[in-house]
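Chemist: First, the structure itself, so that you have it in front of you.
Bear in mind that the values in this text are calculations on the coordinates, not laboratory data. From a predicted model like this one, the values you see are computed outputs, not experimental measurements. Every residue, glycine as well, gets a Cβ built from its backbone with ideal geometry; the counts of neighbours run over all protein chains shown.
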Amino acid sequence: MTALPIIVWFRESLRLSDHPALAAAAERGAPVICLYVFDEHSPGLRPLGGATRWWLAQSLRSLQTRLREIGNDLVLRCGAAATVVPAVARESNASAVFWNDVAQAPQRDVAKDVDEALAMLGIESNSFADDLLVDPLRLRGKDGRGPRVFTPFWKRLVALGDPPQTLPAPKSLTPVAGISGLSVEQLELEPTAPDWAGGLRETWQVGERAAQARLASFLETTVQTYVADRDRPDQDGTSRLSPHLRFGEISPRQVWHAARFAAAARPVTAGGIDKFMSELGWREFSRHLLHDRPDLATRNLQATFDAFPWRHDDAGLRAWQRGRTGYPIVDAGMRELWHTGTMHNRVRMVVASFLVKHLLIDWRHGERWFWDTLVDADAASNPASWQWVAGSGADAAPYFRVFNPVLQGEKFDPDGAYVRRWVGELAALPAPLIQRPWSATPVELASAGVTLDGNYPAPIVDHKMARERALAAYARARKG
């Protein structure tokens, strides 16, 4: 007698290896239907931004290819998961549906609705822990809350020991014939008129194999200089794994175990790997915050900031978005973001500080712009990082820490290579002037082909004035 099929509902784990739900289904030996539901209909789900929609399309194609290599395929459907998943189960006479958990409030609610709908049909459902290194409930204090400061959070997590070992990808999966689905193109995830994704295509290789190759290359080479180079946007000094983690093309457990193995095999890399692991820890910390505070993207974690006197400045916001602030390191970062869908982490802090402190524009405007333009826009890390910079979040940078964009540029892009790459109109300026073109003489500007407030803007705000204004606004907010 032929076993009834099992549906594996792919959610945010777009890979075959270390996929607990897929491994459990394969172990049963029954035919498997691999299902992805593009869901913009379930209540509470935040619609993807443009850059993440583009990445999702490439990731789904990659997953389709991987599944076809082991004799299966990916069924794509569109709609509310609580409607679509049970419908596919009825169509296929499935005996069970397996999926990996997403430990966020809207996704948990969606999974609960799917579970209840399947129960009404008498269909088994099983969910598996996946997107976190540690269940948030394991890190609760006596007050029932998780840590709000990163360092003790990370120490407690590390003290729990290694996460579970990773799982191999199935070597084969028996398919189920006759289950219809959409093409990736029919999901309409990619821009067409205009097609603004050329820079994304130039910059990224997407999918599980690309993620594994990037991790291996990082641990083999880049990690050796990670501590020194990670803050240098002019250097290739980071892992660039964040979008792969965002879409579950690689799991945090795979990163953890590969990094620990590399450190043991080559002790000289231990310092870089420890620092790299703490960045993985920040991702985890952000997700634990979101687990406790589903409104992380819209509400200040620190109530003091509810009274903050943000400015309404459409012109300033547009200048920031377009990389036309007159501060080269800020403009380079914003242009890199638009072209590639990413931005160096040090520069993210600088541009975020500029928006919320130099311009006094509410951090939520910046968070929404990053949500739309970053390929790694993550529901936890994006707002948690914005709140950290703004001073309104957990373990936040003190508000009086106002990044000086000139000094940041001179320290972390000392030769101006990063600015020259992304702000071409300044490329001919010598290094001592490139982070502060307004200090050049008319002859120096003319020699470099720069016209302030012509082909490149003068600063839209004075740094000293902006810093004093920001500190005064903060003092008023604290007084209530």
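Chemist: Can you tell which of Gln302, Thr325, Trp256 lies farthest toward the positive end of the dipole of the chain, using +1 and -1 charges on the Cβ of basic and acidic side chains (Lys, Arg; Asp, Glu)?
Modeler: In the chain, that residue is Gln302.
Chemist: Further question on the same structure: Determine the relative contact order of the chain: mean sequence separation of Cα pairs under 8 Å and six or more apart, normalised by residue count, in whole percent.
Modeler: Reported as a whole number, the value is 17 percent.
Chemist: Expressed as a rounded percentage, what relative contact order does region 225-323 have, with Cα pairs under 8 Å and six or more residues apart?
Modeler: So the answer I get is 19 percent.
Chemist: Still on this model: Calculate, for Thr225 and Phe400, the FRET efficiency according to 1/(1 + (r/R0)^6) with r their C-beta to C-beta distance and R0 30 Å; round to the nearest 0.05.
Modeler: 0.40
Chemist: Which net charge results for the neighbourhood of Ala307, defined as the other residues with beta-carbon distances under 11 angstrom from its beta-carbon, given Lys and Arg at +1 and Asp and Glu at -1?
Modeler: Summing Lys/Arg as +1 and Asp/Glu as -1 gives +2.
Chemist: For Trp99, what charge total do you get from the other residues with a beta carbon under 11 Å from its beta carbon, if Lys and Arg give +1 and Asp and Glu give -1?
Modeler: Around Trp99, the charge tally is -3.
Chemist: Let's test the formula: R0 of 45 Å, r as the Cβ-Cβ distance of Leu160 and Ser439. What FRET efficiency results, to the nearest 0.05?
Modeler: Step by step, r from the Cβ atoms, then E = 0.30.
Chemist: What does the net charge come to around Val419 if you take all other residues with beta carbon closer than 9 Å to its beta carbon, with K and R at +1 and D and E at -1?
Modeler: -1
Chemist: Over 27 Å between Cα atoms, which of Lys411/Lys464; Lys142/Lys275; Lys357/Lys479 qualify?
Modeler: The answer is Lys142/Lys275.
Chemist: Normalised by the residues of region 55-192, what does the relative contact order come to in percent, with Cα pairs under 8 Å and at least six apart?
Modeler: This gives 34 percent for region 55-192.
Chemist: Amide H neighbours of Val75 under 5 Å, counting only residues 5+ apart in sequence or on other chains, H built in-plane at 1.01 Å?
Modeler: Residues meeting the criterion, in which the H sits 1.01 Å from N, are Cys34, Leu35, Tyr36.
Chemist: Please list, ordered by chain and number, the residues whose modelled amide H lies under 5 Å from the amide H of Asp362; skip anything fewer than 5 residues away on the same chain.
Modeler: Residues meeting the criterion, in which the H sits 1.01 Å from N, are Arg311.
Chemist: Full extension from Arg322 to Asp415: what is 0.36 nm times the residue separation minus their Cα-Cα distance, to one decimal in nm?
Modeler: Going from the current span to full extension adds 31.1 nm.
Chemist: Which of the trypsin sites (Lys or Arg not before Pro) found in region 376-480 are in a DSSP loop and have at most 14 neighbouring Cβ atoms, other than their own, within 10 Å?
Modeler: Arg401
Chemist: Could you tell me which of rounded, prolate or oblate describes region 48-101, using a ≥ b ≥ c as the square roots of the eigenvalues of the alpha-carbon gyration tensor, with rounded for a/c under 1.5 and, failing that, prolate when a/b is larger than b/c and oblate otherwise?
Modeler: oblate
Chemist: If I stretch the segment between Ser183 and Arg478 completely, what's the gain in nm (0.36 nm per residue apart, minus their alpha carbon distance), one decimal?
Modeler: Result: 100.9 nm gained on full extension.
Chemist: Calculate the dipole size of region 303-479 relative to its Cα centre from +1 charges on Lys and Arg beta carbons and -1 charges on Asp and Glu beta carbons; express the result in debye to the nearest 20.
Modeler: 460
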